[in-house]
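Coordinate-derived values only; no laboratory data. Since the model is a prediction, treat every value here as computed from it, not as a measurement. FYI the Cβ positions are ideal-geometry reconstructions off the backbone, even for glycines, and counts take in every protein chain you see.
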Amino acid sequence: MEQNITQIIRRYGNDKARLLDMLIDLQEELGFIGTQAVELLADTLHMSHADINQTLSFYHFFSTEPRGKFTIYLNDSVVAHMFGRETIRKALEKEVGVSFGQVTADGLIGLFSTACIGMSDQEPAAIINNKVFTKLTPYRVKELVRHIRDGRPIEELATESYGDGKNPHPLLQSLVSSNIRRKGMVLSDEYDYGSVLSTKLPKMTPEKLIAEVKHSHIRGRGGAGFPTGFKWEFCRRAKGEKHYVICNADEGEPGTFKDRIILTEKPELVFEGMAIAGYAIGGDEGILYLRYEYRYMREYLEDVLQKMRKRHLLGKNIAGIEGFDFDIRIQFGAGAYVCGEESALIESMEGKRGEPRDKPPFPVERGYLNQPTIVNNVETFATIVRIVENGGEWFTQFGTEDSTGTKILSISGDCLFPGIYEVNWGFTIADMLDMVGAYEVQAVQVGGPSGTLIGPDEFYRTLGYSDLSTGGSIIIFGRQRNLLKDVVLNFMNFFIDESCGSCSTCRIMPLMMRDKLVKLLDGNGVAQDLDELQQWGTVLLASRCGLGQTAGNPVISSLKNFRYLYEELLQKDVEFDQGFDLQAAVQESCDYVGRVPVFSHH
Ligand code: SF4
């Protein structure tokens, strides 16, 4: 065991900034990360045990106890529940013989739940030893468990033809479908990979390139919508020993899966976009930060990178441009939604807990390893290639004035054709529902749990930064769904699980809101509860990052647009006034856990 641990640490040059990679390998190769591993890591990397444990305890896919030779992570997202997750849970418990959270006595199989794994177009789904199994049925569960017990390799099970599953590439080793339903400029098959790098870039200075990107008015596709050209310009001007290009492929917003499909179907486009960004900012290295749920893509993506190096699209003097040296490596996350926030992602890449940093300084000045860094989304990099190919002016003819270009949507839930759709910004929700075959719709969640829940009277609204902004997650709920019990409650539990815990507001308020919602659902609510929910949602805005600031949105948004559902739950004729003191409650909770509340901080 000691030798294995030492080898893994050496694999990453005893570099403590690579702690996350070491922990991932330890977890995969040993099945858990125990005290001996922590001690060896601490001694070799000259870190305290507490520092190692801080990182170790932060990520969902790390464990200090064995989780079984075969670890089954069943998706717990809203969409998974809509498509039979509970039936699959029961089937797994019956076949395996233990409850969720437990491992069989012989240590063979462990059952665990996990947040959205990016398969909302093919639920219910689970990850077993990094292989993805979609569209599960009780019979398939029975068969899988039998095969596992019979000793059949998981790679074989993951690729055997079942249902309509098609393996897009042998190296993916998982039957995950790429449901592309509508193509636009990014998903188009017209583009000849590498042509911008090899023919356009040699004729452009970095300054001209940035000017073209600025002229396109493209804004980041990850959700925040910051103008990409300005970000690149700031980074190019920032002084540093090295400049980094990071591709944020940590799509963890429940209901989102577009980046998974872009990376499966158009990986060359994404990597080419990263190299273009490298040229623009004077970048030395590109890093794709890929969520651990997509670990099954590792060999496939490494193979794509290798082929690009052979074509001199990565490496030294790319496209014959003297001094244009740029290569890309893949960094995996380990299961933490908050790492989608760019500074938390950078912390994670440096081997730490994925806690968002205070800003300024912004990553463009001091990002990865304190060097100037740009972080852009998968879709942004893919889109950039088409902009540089055709010019910024060409790009502005798509979309609207304040939201140029196209947007790739991940659409799931109650519709006939779940999948990804590339549409021009400005598309209405009503057209979108018609496009995907969604009828008798009660509500649409735009932008995932942190976004907005709208009802039919708002289906005239349009997708765009000035109206319904979205990173791409769209979940449709039919009339048969219980919005508060099945949707809002699930979303609140998601935020509670995913808070990094550093602000008292984000650590406490979602819990209080969830409990209040349960009280209402239990039939014990009174009118004052609704006012308090509203106030608490406002308090959350004082949180440090977007996760906390939007963690109350499921309640606030449903309270605004579906208030009648809450009112139907209220006890009638009950007077209620307990004079609740919010500040005192937060202070009390913080005293209890030994933390300082952040009210004064903001
Ligand atoms: Fe962490 Fe939440 Fe604060 Fe963000 S808002 S820093 S996730 S505690």
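Modelled label-to-label distance, E393 and D431, 7 Å Cα→beta-carbon offset: nm? Those two pseudo-labels are separated by 2.6 nm.
When the charge dipole of the chain is built from unit charges on Cβ atoms (+1 for Lys and Arg, -1 for Asp and Glu) and taken about the Cα centre, the candidate among S216, L483, V145 whose Cα reaches farthest toward its positive end is S216. The tail of the calculated P(r) for the range 496-567, taken as Cα-Cα distances beyond 21 Å, holds 22 percent of the pairs.
Compute the separation of the alpha-carbon centres of the range 1-59 and the range 294-366 and state it in Å as a whole number. The range 1-59 and the range 294-366 have Cα centres spaced 21 Å from each other. Only one residue of F58, S120, N377 has its Cα farthest out toward the positive end of the dipole of the chain, where Lys and Arg carry +1 and Asp and Glu -1 on Cβ, and that residue is N377. Between H46 and I321, the simple label model (points 7 Å from Cα in the Cβ direction) yields a spacing of 3.8 nm.
Going by neighbour counts of Cβ atoms within 10 Å, the residues D531, D497 line up, fewest first, as D531, D497. At q = 0.05, 0.12 Å⁻¹, what is the base-10 log of I(q)/I(0) for the chain according to the Debye formula with one equal point scatterer per Cα and no solvent? Please give it to two decimals. Rounded to two decimals, the profile gives -0.21, -1.34.
Sorting K135, K359, K69 from the fewest to the most surrounding beta carbons within 10 angstrom yields K359, K69, K135. With R₀ fixed at 41 Å, the C-beta to C-beta distance from E160 to D531 puts the FRET efficiency at about 0.15.
Rounded to the nearest 20, the Cβ-based charge dipole of the range 407-481 about its Cα centre (Lys and Arg +1, Asp and Glu -1) stands at 180 debye.
Pairs of Cα atoms nearer than 8 Å and 6+ residues apart set the relative contact order; for the range 338-421 it is 13 percent. What's the magnitude of the charge dipole for the chain around its Cα centre, counting Lys and Arg as +1 and Asp and Glu as -1 at the beta-carbon? Answer in Debye, nearest 20. Dipole size: approximately 1040 debye. Please state the relative contact order of the chain as a whole percent: Cα pairs under 8 Å, 6+ residues apart? RCO, the chain: 13 percent. Here M297, M308, M204 are placed in order of increasing Cβ neighbour count within 10 Å, fewest first, which gives M204, M308, M297. Looking at the range 219-327, the GluC sites (Glu not before Pro) that sit in a DSSP loop and have at most 14 other Cβ atoms within 10 Å of their own Cβ are E241, E322. DSSP loop (so not H, G, I, E, B), at most 12 other Cβ within 10 Å: list which trypsin sites (Lys or Arg not before Pro) in the range 445-527 pass both filters. Passing sites in the range 445-527 are R479.
Remark: the range 11-128 is approximated by an ellipsoid whose semi-axes, taken from the C-alpha gyration tensor as √(5λ), come to 31, 16, 10 Å, largest first.
Put a plus charge on the Cβ of each Lys and Arg, a minus charge on the Cβ of each Asp and Glu, and nothing anywhere else: the dipole of the range 316-388 about its Cα centre is then about 60 debye. In plain terms, the chain from E190 to E2 could stretch by 62.4 nm, reckoned as 0.36 nm per residue minus the Cα-Cα distance. Relative contact order for the range 1-55: 33 percent, from Cα pairs under 8 Å spaced at least 6 residues apart, divided by residue count. Helical content of the chain, expressed as a calculated mean residue ellipticity at 222 nm, amounts to -12000 deg cm²/dmol (DSSP H runs of 4 or more residues, -39,500 (n - 2.57) each, divided by residue number, nearest 500). When DSSP assigns beta bridges and you keep just the ones with both residues in the chain, what percent turn out antiparallel, to the nearest 5? Antiparallel bridges make up about 45 percent of those DSSP assigns within the chain.
Directionally averaged projected area (the range 191-275, Cα convex hull): 6.7 nm². Place a point 7 Å from Cα of V518 in the direction of its Cβ. Which residues in the range 457-499 have their backbone N less than 19 Å from it? Counting backbone N atoms under 19 Å from the label point, the list is 483-499. Length, then width, then depth: along the principal axes, the Cα atoms of the range 407-481 run 31, 22, 21 Å. Listed by chain and number, the lysines placed with their C-alpha closer than 28 angstrom to that of K90 are K69, K131, K135, K142, K166, K485, K519; residues fewer than eight positions away on the same chain are left out.
The packing ranking, built from the mean of other Cβ atoms within 10 Å per residue, places the peptides 380-388, 142-150 in the order 380-388, 142-150, highest first. Label separation (T538 vs R149): 5.8 nm, computed from points 7 Å beyond Cα along the C-beta direction. Would you please state the base-10 log of I(q)/I(0) at q = 0.12, 0.18, 0.20 1/Å for the range 70-177, with intensities from the Debye formula using one equal scatterer on every alpha carbon? The calculated log intensity ratios at q = 0.12, 0.18, 0.20 Å⁻¹ are -0.35, -0.82, -1.03.
Loop-located chymotrypsin sites (Phe, Trp or Tyr not before Pro) in the range 64-137 (DSSP state not H, G, I, E or B) with no more than 14 neighbouring Cβ atoms inside 10 Å do not occur. Between A105 and K142, what's the calculated FRET efficiency when r is the beta-carbon distance and R0 is 30 Å? Round to 0.05. According to the calculation, E is roughly 0.90.
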